[in-house]
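To start, the structure itself, in structure tokens.
The values are calculated or read from the model by the stated rules, or taken from the named source; none is laboratory data. This one's a predicted model, so the numbers in the text were calculated from it and none came from an experiment. Note that each Cβ is placed from the backbone with ideal geometry, even for glycine, and that neighbours are counted across all protein chains shown. Heads up: the accessible areas ignore ligands, DNA and RNA and are worked out on the full protein's heavy atoms, side chains in. Shrake-Rupley method; radii C 1.70, N 1.55, O 1.52, S 1.80 Å.
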Amino acid sequence: MSTETRTPIADVTRPQHPELESNIVELLGAVDLPDRIAIPCLFQDIAEQDDGFSLLKGTNMVLDDPLEELK
């Protein structure tokens with residue numbers, strides 16, 4: 001039985017998931033990145049809330065039941 005050992009990715013500047021690499025590289029080079037961010041202060045707003053998760057759900061940034069969205 002052969003076991004393949006993988007070298008951990010130690011370079012945090014590289015995409016950690018190869019299947020997302022092209023999307024990440026495209027975003028890193030985007031000159032219109034601020035225009036692509038719908039709510040730029042979202043994480044700051046969440047930090048100020050007692051129940052930030054509800055805010056995320058309210059903006060559809062987090063789906064707790066994604067299959068429900070397909071109905």
Exercise for review: Determine the pairs where a residue that is closer than 16 Å to ILE37 by Cβ and part of a helix (DSSP H, G or I), located within segment 51-71, has a partner that is open to solvent by 90 Å² or more (accessible area, probe 1.4 Å) and of a type in the set (Phe, Trp, Tyr) with Cβ atoms under 9 Å apart, the partner being 6 or more residues away or on another chain.
Suggested key: none
Review point. With respect to VAL12, is the statement that it is open to solvent by 100 Å² or more (accessible area, probe 1.4 Å) and either within 23 Å of VAL62 (Cβ to Cβ) or at pLDDT below 80 (or both) true?
Key: yes
